[in-house]
1. Can you spot a residue in the range 105-114 that is buried (at least 18 other Cβ atoms within 10 Å of the Cβ) and either in contact with a Phe, Trp or Tyr (Cβ under 7 Å, 6 or more places away or on another chain) or small (G, A, S) (or both)?
2. Output the number of the condition that L205 fails; it satisfies all remaining conditions of (1) over 20 Å from the mean Cα position of the chain (by Cα); (2) modelled with pLDDT under 85.
3. Take the conditions under 25 Å from P198 (Cα atoms), more than 17 Å from the chain's Cα centre (by Cα) and either in a helix (DSSP H, G or I) or of a type in the set (G, A, S) (or both) and apply them to S62. Does it pass?
4. Of the residues A26, A63, A30, only one is on the phi < 0 side of the Ramachandran plot and touching an Asp or Glu at 6+ places or on another chain (Cβ under 6 Å); which?
5. Suppose we keep only residues that are over 30 Å from K8 (Cβ atoms) and among the aromatic types (F, W, Y) within the range 109-162. Which one would you say is farthest from the chain's Cα centre (by Cα)?
6. Only one of E215, E178, E219 is closer than 25 Å to F260 by Cβ and surrounded by 14 or more Cβ atoms within 10 Å (Cβ to Cβ). Can you tell me which?
7. Which count do you get for residues in the range 148-158 that are crowded, with 19+ Cβ neighbours inside 10 Å and more than 17 Å from V16 (Cα to Cα)?
8. Please go through the range 207-264 and pick out each residue that is basic (K, R) and farther than 30 Å from S148 by Cβ.
Amino acid sequence: MAPKYSNKLNNKLVIVVGGSSGIGYAVAEASLEGGANVVIASRTQKNIDAAIASLTEAYPDSAKRIRGHPCNLVDTDAESDVIKLFDFATNNGAIKIDHIVDTAAADGPTVGDLASATVDTFLDSYRARCLGSAVLAKYALKYMLSSSSSSITMTSGILVRRPMKGMSPRIAASSAKEGLARTFAVDLAPIRVNVVSPGAIMTPLLVKMFDRFGEGLRENMRGSTLLGEIGQPEDIAESYLCSMKNRFMTGQVVQCDGGFLVKN
């Protein structure tokens with residue numbers, strides 16, 4: 001009898017946008033371990049090459065199943081970039097995409113006093129954290145198999161439910177993304193659309209925050225969870241795997257925060 005649970009990603013085509021580092025890299029790695037054919041998308045070819053080299057070194061027998069293509073969801077040419085990415089991944093439409101995971105984010109958090117924020121501050125945050133996901137979903141219909149076995153998984157953040165002072169542009173964009181996901185779940189059905197909402201995960205973006213605000217922030221984040229820990233990318237990657245594998249889940253927000261919401 002063939003395995004019912006352990007090989008659900010075997011030979012599936014998975015695109016991970018933002019897959020060159022942090023959470024996205026962990027999702028790409030986990031998908032590769034699950035037997036998927038993985039395409040990493042990132043803004044620069046340099047980052048893609050580094051990620052592929054790292055994965056190839058770790059999984060030499062899987063080297064043929066990992067590829068990469070640049071895609072900038074923040075740029076004005078985002079639609080063109082997405083089309084090029086999808087054409088590359090599918091060999092110009094010869095095969096179908098099974099799963100799209102979007103973990104892409106801006107280079108750093110939008111933090112500052114609300115009084116000093118401009119309209120462009122909010123628009124830039126929306127463009128960086130929300131608009132790209134909308135473009136991915138727009139073109140998904142053409143390139144994905146229209147089935148409940150197919151999925152799109154976006155990324156928001158725990159601050160949507162526990163806002164932090166000075167981060168309204170970023171939080172507003174993440175909130176909008178959760179609303180978009182629920183709407184896209186209706187628009188794209190039977191393709192499934194979900195959102196993963198991470199808590200504090202040790203990624204390059206979080207390290208930048210620690211560098212900016214000091215070690216006190218690190219200790220505060222660690223102490224704010226029931227587990228007394230900051231999550232690792234491989235922890236949160238399991239939530240994305242669940243979204244891809246669970247054919248009966250759509251329009252949902254998956255919380256993974258180490259018990260932050262329960263404690264606070």
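1. yes
2. (1)
3. no
4. Criteria check complete, one pass: A26.
5. F122
6. Criteria check complete, one pass: E178.
7. So the count comes out to 2.
8. Of everything in the range 207-264, those that are basic (K, R) and farther than 30 Å from S148 by Cβ turn out to be K208, R212, R218, R222, K263.
The values are calculated or read from the model by the stated rules, or taken from the named source; none is laboratory data. Treat the numbers as computed from the prediction; the structure is a model and nothing was measured. Positions of Cβ are backbone-derived with ideal geometry, glycine not excepted, and every protein chain shown enters the neighbour counts.
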